[in-house]
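Single-structure report; data block below.
Any read-out appearing in this document is the output of simple, stated calculations on the displayed coordinates, not a laboratory observation. Everything numeric here is computed off the predicted structure, so don't read it as measured data. As a convention, Cβ positions derive from the backbone with ideal geometry for all residues, glycine included, and neighbour counts pool all protein chains shown.
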Amino acid sequence: RIIINGETTENFRIMKGVRQGCPMSPLIFILTMEVLLNQIRQRKDIIGLKSKKEEYKVQAFADDLVLFLEDPMESGTYLIQELEEYGMVAGLKINKDKTKVITKNLTENQ
């Protein structure tokens, strides 16, 4: 079932998967990724960087995410929980070989 303009469609059987190279693949991926981004933005215990009026937590480009956390040690725990929950539902996981963490004022052991 799919929700379109607030209306839920009838059940339908998926006959073929959307594979890499399919023109629909990027659009479907972006739509599902938006669910994760909204979860991160709305979660109160993930605290982003604040400017005068805004709080910045996450920016995305395709399958790359940039996260801005005020307290990475505290918020990072909740962020990882959110990523793992999303991954279980979406069938995705973080590629640790391609993941980089850049921090300010934290030691490598923290």
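Leaving out same-chain residues fewer than 8 places away, which lysines sit with a Cα under 30 Å from that of residue 98? Within the straight-line cut-off, residue 98 pairs with 16, 44, 50, 57. Going through (i) 152; (ii) 124; (iii) 105, the figure that equals volume of the Cα convex hull per residue in Å³ as computed for the structure here is (i). Of all the options 76, 48, 21, the one that moves most in a Gaussian network model of the chain with Cα springs shorter than 10 angstrom is 21. With respect to the chain, whose longest principal axis is taken over its alpha-carbon atoms, helix 72-90 is tilted by about 10°. Using the Cβ-Cβ distance between residue 28 and residue 68 with R0 = 22 Å, the FRET efficiency computed as 1/(1 + (r/R0)^6) comes to roughly 0.25. Scan the chain and hand back the longest stretch that contains none of the GluC sites (Glu not before Pro) lying in DSSP loops with at most 14 other Cβ atoms within 10 Å. With a cap of 14 other Cβ atoms within 10 Å, the longest stretch comes to 11-53.
When only C-alpha pairs under 8 Å and at least 6 residues apart count, what is the relative contact order of the chain, in percent? Rounded, it is 16 percent for the chain.
Taking the C-alpha atoms only, the angle from helix 25-42 to the longest principal axis of the chain is near 40 degrees. Across the options 21, 72, 58, the greatest Cα extent toward the positive end of the charge dipole of the chain (unit charges at beta carbon of Lys, Arg, Asp, Glu) belongs to 21. Candidate cross-link partners of residue 93 among the aspartates and glutamates, defined by an alpha-carbon separation under 13 Å and a same-chain spacing of 8 or more, comprise 63, 64, 82, 84, 85.
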